[in-house]
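Engineer: Following this message is one structure expressed as C-alpha cells.
The values are calculated or read from the model by the stated rules, or taken from the named source; none is laboratory data. The model shown is predicted, which means the values in this text are computed figures rather than measured ones. Don't worry about glycine lacking a Cβ; one is built from the backbone with ideal geometry, like all the others, and counts go over all protein chains shown.
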Amino acid sequence: MELSAIQRRTVSSLLDTGSGRPVSSGLAGLLRDRIEEGIRPFLPALRGSARLPPGPLRLAKERLNELARCEGLFHADLLGERAPFVHSDASAAGTLAHKSIELDVATADPAEPPALAELAAARLERDRQFGPYWQSLDPGSRADLRARAARSVEQFRTSFPPIRALRRRLAPVSEQWLEARFGGGALRVVGKVDLLLNAARGGRSTRVLIDLKRGRPWAEHAEDMRLYALLHTFRCGIPPYRVATFFLSSGEWQPEDVTEETLHHAAQRVIEGVAAAARLGEGTPQLRPGRHCVRCPRSDTCPASAVQPDLPGRLG
Ligand code: SF4
C-alpha cells in the first residue's frame, strides 16, 4: 500500500511494535493487589463519610490531575462545588471532532470529512450536554464547528495510515470506555481512550493507545495516558506496548513505552486519590495555589487563592 511520508513516519515511529513485548506473568493481579492493599486503610473513612456523595468514589484523569494541582481543588470537585458543565465553543469543537474521527474509524464505507462531520453532529444532537449547546447556535456557528471537525478528520487521515484498509492488522477501536472497581465496589476508576491500534498477538504487549488532541501539549497528558495503560491492563490482562498523545494540528506526538514502573506509578496515583478523598473533613486540605486557582470554585474564599487581586505577588 502506498503511504505518504507522514503516514510512513507514524507507522514506523509510533505504531510499529515489532513482535510485541513479553508480559510478566500475573502483572495485572499484582497491580490490583497493590491498589487493594493501598486503599484498604482508607475504606472505612470513605464509607463512613457524611460529606462524600453516596455511592462509589469515582476517579478519572481529571480528578487525579486536580489532586496533583491542589487538594482543595480536588475536594471541591468531590463535593460537587463546581458549576455544572456547559459546553464552550472550544469544548464543543473538540467533541464534534472526536465524534467525526470515531465515525471515520468505525464506518465500513468511506465518506468525505464534511459528511462525517454532518453525521457526527446529527448523532450528538441527542447528547444531553452537546444537544442543548448545538440547538443554541445559529446556522453560521454550526457550519463553523462542522468545518473545524472536517478539518480534524483530514488531519487525522493525513497523519495515520488508512485504517479502514488495514483493519485486520490494526484492529482499531475508538472511544473505548475502560473501568476498574476496587474495595468491594467502593472505588471506580474510569477512562475513555480515543483510539486503540495494533492487533493483539499471542499474549504479548502490542496495542498502542492514542489520545487525539487539537490543542497544545500539557505535562498532564502523560499522566492521563499512564492511567489508561493501567485500566487497559486490568481490562485485557495485558498492558499496551505504548501510549501516546497525538496532536492533530502539528502531526507530532508524545509517546511513552509502557513499563511495569509506568503502571505502578499510575496505581500509586489512584491510591493517593483515595487517601486524599478519605482526608475530606479532616481539617484544612493541602493548598497549592497556582494558575489553576482561576478555575477553582473556592477561589473567592480560599485563604491561599492566587486570584485575590489585592495581595501582592498574586494573579488577578
Ligand atoms: S483557590 Fe487555589 S489554593 Fe485554594 S483550594 Fe482552590 S486551587 Fe487550591
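Engineer: Restricting attention to the stretch 131-150, which residues are within 20 Å of PHE85 (Cα to Cα) and loosely packed, with under 13 Cβ neighbours inside 10 Å?
Structural biologist: Correct list: PRO132, GLN135, SER136.
Engineer: Could you please give the count of residues in the stretch 116-166 that are closer than 21 Å to LEU212 by Cα, not acidic (Asp, Glu) and not in a loop (DSSP other than H, G, I, E, B)? Spell out the reasoning first.
Structural biologist: Filtering the stretch 116-166 for residues closer than 21 Å to LEU212 by Cα gives 116-121, 123-124, 127, 129-130, 144-166.
Going one step further and asking which of them are not acidic (Asp, Glu), we end up with 116-117, 119-121, 123-124, 129-130, 145-153, 155-166.
So of that shortlist, the ones also not in a loop (DSSP other than H, G, I, E, B) come out as 116-117, 119-121, 123-124, 130, 145-153, 155-159.
The total comes to 22.
Engineer: To continue, here is another question. Here are some residues: ALA106, ALA90. Which one is surrounded by fewer than 18 Cβ atoms within 10 Å (Cβ to Cβ), closer than 30 Å to ARG168 by Cα, away from the ligand (no atom under 16 Å from the Cβ) and under 21 Å from the mean Cα position of the chain (by Cα)? Steps first, please.
Structural biologist: Details: ALA90 fails: closer than 30 Å to ARG168 by Cα.
After applying the criteria, what remains is ALA106.
Engineer: Would you point out which residue out of LEU3, LEU30 is at pLDDT below 95 and more than 29 Å from TRP218 (Cα to Cα)? Step through it out loud before you land on a result.
Structural biologist: Working: LEU30 fails: at pLDDT below 95.
Exactly one of LEU3, LEU30 is at pLDDT below 95 and more than 29 Å from TRP218 (Cα to Cα), namely LEU3.
Engineer: For the structure I just gave you, tell me whether GLU118 is farther than 21 Å from THR10 by Cα, modelled with pLDDT of 95 or more and charged (D, E, K, R). Steps first, please.
Structural biologist: Numbers: farther than 21 Å from THR10 by Cα: yes; modelled with pLDDT of 95 or more: yes; charged (D, E, K, R): yes.
Spelling it out, GLU118 is indeed farther than 21 Å from THR10 by Cα, modelled with pLDDT of 95 or more and charged (D, E, K, R).
Engineer: Taking ARG188, is it among the charged types (D, E, K, R) and under 26 Å from LEU3 (Cα atoms)?
Structural biologist: On the way: among the charged types (D, E, K, R): yes; under 26 Å from LEU3 (Cα atoms): no.
Here the answer is no, as ARG188 does not meet what is asked.
Engineer: Every residue in the stretch 70-87 that is surrounded by fewer than 13 Cβ atoms within 10 Å (Cβ to Cβ), within 19 Å of ASP127 (Cβ to Cβ) and not hydrophobic (A, V, I, L, M, F, W, C), please.
Structural biologist: The one that is surrounded by fewer than 13 Cβ atoms within 10 Å (Cβ to Cβ), within 19 Å of ASP127 (Cβ to Cβ) and not hydrophobic (A, V, I, L, M, F, W, C): PRO84.
Engineer: Please go through the stretch 170-194 and pick out each residue that is under 22 Å from GLY237 (Cβ atoms) and not in a strand (DSSP E or B).
Structural biologist: Passing the criteria: LEU170, ALA171, PRO172, GLY183, GLY184, GLY185.
Engineer: For the stretch 41-48, check the following and say yes or no: at least one residue is within 16 Å of the ligand (Cβ to nearest atom) and either in the same structural domain as THR245 (by TED's automatic domain parsing) or among the acidic types (Asp, Glu) (or both).
Structural biologist: To start, the set of residues in the stretch 41-48 that are within 16 Å of the ligand (Cβ to nearest atom) comprises none.
No: the stretch 41-48 contains no residue that is within 16 Å of the ligand (Cβ to nearest atom) and either in the same structural domain as THR245 (by TED's automatic domain parsing) or among the acidic types (Asp, Glu) (or both).
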